[in-house]
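Student: If you scroll down you'll find the structure; I have some questions about it.
What follows is calculated from the coordinates using simple rules that are stated; it is not laboratory data. Source: prediction; values computed, not measured. Quick reminder, even Gly has a Cβ in these numbers, built from the backbone with ideal geometry, and neighbours come from all protein chains shown.
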Protein chains: 2
Amino acid sequence: MSEQIYVGVDLGGTAIKVGICNQAGQLIQTYEGPTETEKGVDVVVDNIEKYVRHIVDQSPYSWDQLAGVGAGVAGFTNVREGIIIFAPNVGFRDVPIRAILEEKIGKPIKIDNDANVAALGEAWSGAGRGIENCVCYTLGTGVGGGIIINGKIYQGFSGLAGELGHISVVPDLEAIQCGCGKMGCLETVSSATGIIRMAKDAVERGDRTSLALEQHIAAKEVFDAAKAGDEVAQRIVKRAAFYLGKSMAAVAAALNPEVFIIGGGVSKAGDILFSEVRDVFAKSTPEPLQKGVTILPAQLGNDAGVVGAAGLLLRS
Amino acid sequence: MSEQIYVGVDLGGTAIKVGICNQAGQLIQTYEGPTETEKGVDVVVDNIEKYVRHIVDQSPYSWDQLAGVGAGVAGFTNVREGIIIFAPNVGFRDVPIRAILEEKIGKPIKIDNDANVAALGEAWSGAGRGIENCVCYTLGTGVGGGIIINGKIYQGFSGLAGELGHISVVPDLEAIQCGCGKMGCLETVSSATGIIRMAKDAVERGDRTSLALEQHIAAKEVFDAAKAGDEVAQRIVKRAAFYLGKSMAAVAAALNPEVFIIGGGVSKAGDILFSEVRDVFAKSTPEPLQKGVTILPAQLGNDAGVVGAAGLLLRS
């Protein structure tokens, strides 16, 4: 029998990215087209179908070799029913995407949220390749997470497992309110948003720093300043790393994963972030729970979304 | 075919308790005999065999109906290989208990540590009956835990999943060192040992309290004083409950279990403990992660050990 292929769809607010993976999780080719969110749900869904058919047509594979299509989206999803409950970037609310795409494409369809899908991508063929149990953090605008157990995404009771950004880690007296409404969530300090907020606070306070924040400051500028030796910027990055390490220690005690993977824009801070995270994890985690456990940067970058989405067919 | 039965063994330092369960997790009868730790490993193992044979002989069931034997022990176990690595109370070190008992008893044998086994007992036929995903805390001398995923004990990478007592929850400046060597573990505040320590500290400090601690103060006296309105005792119980609730919020964000079960001696504190735990959990957990989630007292008491051990045959 000829080789089977899997198409992953990364459904974003401005672009839909599609990619073909083989059974080993290797990304063979990708294609990207506009989402056209402003034209409504039907057009967006038509575009998904169009791009999936296009990439398979352009590939060395036949349509018969396509085993199925997986899709990841930022938002709330009902994985079991295949419904996108709310995806603000794409303008979807209660869209039964699996049923619609199965009808249009005629192949098995799976969906999940972007953080779970990215985690699966890394576990399948990125930093966690070959690892059965790993935990992935995606440090972007918010902090997303995904728990991989026995090679598969773990959903939990109501599909909300892996909401690592909402682990409450900041002590009450230092805590600020998170977008979720609670105080002291990891997301308030270890996301790009958190880092930018801390940088703005420092500048407004008059801290002696090379940071001079205009309206469009990004986390990258804070990392650059930290690397150049700015102590205020270093303190901010270390604070983000400190609470990330603390949350990992808690997750390690509960779940004992083999590998922690850190991806997303904030992970680009590099050594200054990773060395502090590893240090705090080592200080806060009992020895036996550290043994053999590694903390690694994500490897797939922006491809994690399409790879993980393709992986949904085999690993969910 | 006639009904199958499962024998659970709770291997303790002074007594070995055995119990027969049916396939539904109902505990049908129990028997208890001395461990005789002082006579060495061979005698202890002979005693296990003797008590297992005895309880089946005394029961309405035949030996042929016995599907297997499970055993739980306080200590480090290698579940996959069936080895008790270190169980100080029983004086076992590197005892390949599964192989030995399989030879003696001629039935499948499973083992696990006491916290996992208690969690499985509660999940199988106690407070978590019918629930696929739950997390159990056992608040005793230490704080043990067990994670039940899809009805089974989750072991993690190196068999250490569920070490909930070593979640670091106390902020650094208030933290004391745990027996594990790390600072601020849940066990330092939410175990009986932690409660007794806080009570002793209060008395020694000269706090105005009805507690007058002699050498053999137990956590129960602190609970009684708290119930009688002693503010110092109330503060101690609330502190234990506060960090327990905080740890649950972290676990909920990572694992999204349906039910949290709290057992062990400290859970006997009752309402004052549970109401504070529920309150802190509600304050520290985003709404969607609270929805449908309950925090319940354990139901099986001391029987959780034998029931869960018997359950290992069906649920591991």
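Student: Using only the Cα atoms of region B:120-209, build the gyration tensor, take square roots of its eigenvalues as a ≥ b ≥ c, and label the shape rounded, prolate or oblate: rounded if a/c is under 1.5, else prolate if a/b is larger than b/c, else oblate.
Tutor: Judged from the Cα gyration tensor, region B:120-209 comes out prolate (a/c at least 1.5, a/b above b/c).
Student: Amide H neighbours of B:Ile16 under 5 Å, at least 5 residues apart or on other chains, H built in the peptide plane: list them.
Tutor: The answer is B:Gly33, B:Thr35.
Student: Still on this structure: State, to one decimal in nm, how far the label point of A:Arg80 lies from the label point of B:Glu49, with both points 7 Å from Cα in the Cβ direction.
Tutor: 4.7
Student: Express as a percent, rounded to the nearest 5, the fraction of DSSP beta bridges in region B:131-299 (both residues included) that run antiparallel.
Tutor: 55
Student: While we're here: Going by the alpha-carbon gyration tensor, a ≥ b ≥ c the square roots of its eigenvalues, is region B:170-269 rounded (a/c under 1.5) or, if a/c is not under 1.5, prolate (a/b greater than b/c) versus oblate?
Tutor: prolate
Student: Could you put B:Asp57, A:Asp207 in order, starting from the residue whose Cβ has the fewest other Cβ atoms within 10 Å?
Tutor: Starting with the residue having the fewest Cβ neighbours, the order is B:Asp57, A:Asp207.
Student: What is the calculated FRET efficiency for A:Glu132 to A:Arg208, with r their C-beta to C-beta distance and R₀ = 51 Å, to the nearest 0.05?
Tutor: Step by step, r from the Cβ atoms, then E = 0.60.
Student: Say each of B:Arg235 and A:Asp42 gets a label point 7 Å from the Cα, pointing the same way as Cα to Cβ; how far apart are those two points in nm?
Tutor: So the two model labels end up 6.8 nm from each other.
Student: Only loop residues by DSSP count here, and only those with at most 14 other Cβ atoms within 10 Å; note down the GluC sites (Glu not before Pro) in region A:204-271 that meet that.
Tutor: Sparse-neighbourhood loop GluC sites (Glu not before Pro): A:Glu214.
Student: Taking the Cα atoms of region A:1-74 alone, what are Rg (to one decimal) and Dmax (as a whole number) in Å?
Tutor: Cα-based Rg and Dmax for region A:1-74 come out at 12.3, 43 Å.
Student: Sticking with this one: So what is Rg over Rh here for region A:30-188, counting just Cα atoms and using Kirkwood for Rh?
Tutor: Result: Rg/Rh = 1.01.
Student: If you wrap a convex hull around the alpha carbons of region B:131-299, what volume per residue comes out, as a whole number of Å³?
Tutor: Value for region B:131-299: 121 Å³ per residue.
Student: I would also like to ask the following. Nm distances between the label at B:Ser62 and the same-position labels in the remaining copies, 7 Å along Cα→Cβ, shortest first?
Tutor: 5.9
Student: Got the relative contact order for region A:130-298 handy, in percent, Cα pairs under 8 Å and 6 or more residues apart?
Tutor: The normalised contact order for region A:130-298 reaches 23 percent.
Student: If you don't mind, another one. Please go through the residue pairs B:Lys200/B:Lys220; A:Lys17/A:Lys152; B:Lys182/B:Lys268; B:Lys152/B:Lys246 and name each one whose alpha carbons sit more than 21 Å apart in this structure.
Tutor: A:Lys17/A:Lys152; B:Lys182/B:Lys268; B:Lys152/B:Lys246, as the Cα separations exceed 21 Å there.
Student: Hey, another quick one. If you average the C-alpha positions of region B:168-204 and of region B:244-313 separately, how far apart do those two centres end up, in angstrom?
Tutor: Distance between centres, Cα-based: 20 Å.
Student: To two decimal places, what compactness ratio does the protein assembly as shown give when its Cα radius of gyration is scaled by 2.2 N^0.38 Å?
Tutor: Output field value: 1.04.
Student: Regarding region B:265-316, what are the three Cα extents along the principal axes, ordered largest first, in Å?
Tutor: Here the spans come out as 38, 27, 13 Å, largest first.
Student: Right, something else. What full-extension length gain, to one decimal in nm, is calculated for A:Lys200 and A:Trp63 as 0.36 nm per residue of separation minus the Cα-Cα distance?
Tutor: 44.1 nm
Student: Based on DSSP H assignment, which helices of chain B show an axial Cα extent of at least 18 Å together with a mean Kyte-Doolittle hydropathy greater than or equal to 0.0?
Tutor: Within chain B the helices that satisfy the rule are B:41-57, B:231-255, B:271-284.
Student: May I pose another question? Shortest first, in nm, what separates the label point of B:Gln29 from those of the same position in the other copies (7 Å along Cα→Cβ)?
Tutor: When each copy's label point is compared with this one, the spacings are 7.3 nm.
Student: Quick one: if the Förster radius is 25 Å, what FRET efficiency do B:Thr30 and B:Ser158 give, using the C-beta to C-beta distance and rounding to 0.05?
Tutor: According to the calculation, E is roughly 0.15.
Student: Measuring label to label, 7 Å along Cα→Cβ, what does A:Asp46 give against each other copy in nm, shortest first?
Tutor: 8.4
Student: Can you compute the modelled spin-label distance between B:Lys104 and B:Ser275, with each label point 7 Å from Cα toward Cβ, in nm?
Tutor: It is 5.0 nm.
Student: Just to confirm my numbers, what's the Cα centroid distance between region A:82-123 and region B:28-89 in Å?
Tutor: Cα centroid to Cα centroid, the span is 50 Å.
Student: Can I ask one more? Compute the orientation-averaged projected area for chain A from the convex hull of its Cα atoms and round it to one decimal in nm².
Tutor: 17.1
Student: How much length, in nm to one decimal, is gained on full extension between B:Ile176 and B:Lys291, taken as 0.36 nm per residue of separation minus their Cα-Cα distance?
Tutor: Full extension from B:Ile176 to B:Lys291 adds 38.0 nm.
Student: Taking amide H positions as placed in the peptide plane 1.01 Å from N, state which residues far from B:Leu296 in sequence (5 or more) or on other chains have amide H under 5 Å from it.
Tutor: B:Phe260, B:Ile261, B:Ile262
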